[in-house]
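For reference, the structure discussed in these notes is given below.
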Amino acid sequence: MSINSVWFKHYLCLTIKANMERGVKNVEQSEIRRIGRILKERRLQLGYTQEYAAEKAGISYSYYTKIERGQQLPSLEVAMVLSKTFSLSMDRW
């Protein structure tokens, strides 16, 4: 099993649980916040502002900031775009 497929299965589990429960429990919340911290750390390493990162990824500023603050799990499509935008492999998430 490739690393990307492991990440994808993990992502699907988080998404399904969040949708089923209409709210995210503490464990999932910490994972979502971890993704946000990784994105913020990488964005700062690259010297990007939040506005520039959102623009470069083709998403709204408010959506990007929610992801970075750990308030929202990005869709799989957006996660893939952010991965490319920040030159992060999906297994780092």
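The values are calculated or read from the model by the stated rules, or taken from the named source; none is laboratory data. What you see is a predicted model; the values in this text were computed from it and never measured. Cβ sites come from the backbone with ideal geometry, for glycine too, and all protein chains shown count toward neighbours.
Observations on the structure shown:
- Residue satisfying all of: in region 51-74; more than 12 Å from F86 (Cα to Cα) and over 12 Å from the mean Cα position of the chain (by Cα); surrounded by the most Cβ atoms within 10 Å (Cβ to Cβ) among these: I59
- Qualifying residue in region 19-39 (condition: modelled with pLDDT of 90 or more, among the small types (G, A, S) and in contact with a Ser or Thr (Cβ under 8 Å, 6 or more places away or on another chain)): no
- Only helices (runs of 4 or more DSSP H) whose full extent lies in region 50-93 are considered here, and the ones with at least 3 residues that are at pLDDT 95 or above are 50-57, 61-68.
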